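Student: Structure provided below as structure tokens; questions to follow.
The values are calculated or read from the model by the stated rules, or taken from the named source; none is laboratory data. The structure displayed is predicted, hence computed values, not measured ones. Ideal geometry is used to build each Cβ from the backbone, glycine not excepted, and the neighbour counts take in all protein chains shown. When the accessible area is computed, the model is the full protein with side chains, heavy atoms only, and any ligands, DNA or RNA have been set aside. Shrake-Rupley method; radii C 1.70, N 1.55, O 1.52, S 1.80 Å.
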Amino acid sequence: MQEDRLHRELAAAVAELRTAFIEHNRDKVATLVTDNHVSIMSYARFDGRTQLLDHLNDFAFRSLPTEDLTTTPFGSDAALVSFRSTLEGTYADKPVPRDVLVGEVWLRQDGNWREATYQETPL
């Protein structure tokens, strides 16, 4: 039962963060990522929440779906989330890879789930 609850919590947090990216909601993104967050994509890399937020408006996505989302817990306050996604959009006005595999590490901090790492691998 705990794993079902964890899966639901993390699936909701992933969806909330992806919506915040589409909407360019700086405040929401800031609350959903760790201060030392790392993002690695084939088209960009960010070290730290501040750097990510500085480039938030460079993202222009119409949708960020998640398919086959899985969660792997690492204790009660950390988990790996992975899924496939079909991206529709651009980064800095250039198309991004359409089909990607995503791996994220989420940490529970102050009672809230926050994404610590995001890695996107083109398929």
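Student: Would you pick out the residues in the range 1-25 that are over 25 Å from residue 97 (Cβ atoms) and either among the β-branched types (Val, Ile, Thr) or open to solvent by 70 Å² or more (accessible area, probe 1.4 Å) (or both)?
Tutor: Within the range 1-25, 1, 2, 3, 4, 5, 8 meet the criteria.
Student: List every residue pair whose Cβ atoms sit under 6 Å apart, with the two residues 6 or more apart in sequence or on different chains, where the first one lies in the range 1-25 and is of a type in the set (Gly, Ala, Ser) and the second, anywhere, is at pLDDT 95 or above and open to solvent by less than 60 Å² (accessible area, probe 1.4 Å).
Tutor: 11/69; 13/113; 20/29
Student: Out of the residues in the range 35-64 meeting the condition of being acidic (Asp, Glu) and closer than 21 Å to residue 95 by Cα, tell me which one is surrounded by the most Cβ atoms within 10 Å (Cβ to Cβ).
Tutor: So, considering only residues that are acidic (Asp, Glu) and closer than 21 Å to residue 95 by Cα, the one surrounded by the most Cβ atoms within 10 Å (Cβ to Cβ) is 58.
Student: Related question: What is the residue count in the range 91-113 for residues that are on the phi < 0 side of the Ramachandran plot and open to solvent by 40 Å² or more (accessible area, probe 1.4 Å)?
Tutor: Applying the first criterion (on the phi < 0 side of the Ramachandran plot) to the range 91-113 yields 91, 94-109, 112-113.
Remaining after also requiring open to solvent by 40 Å² or more (accessible area, probe 1.4 Å): 94-95, 98-99, 101, 105, 107-109, 112.
Going through the range 91-113 one residue at a time, the tally reaches 10.
Student: When you go through (1) closer than 22 Å to residue 122 by Cβ; (2) at pLDDT 95 or above one by one for residue 27, which number turns out not to apply?
Tutor: (1)
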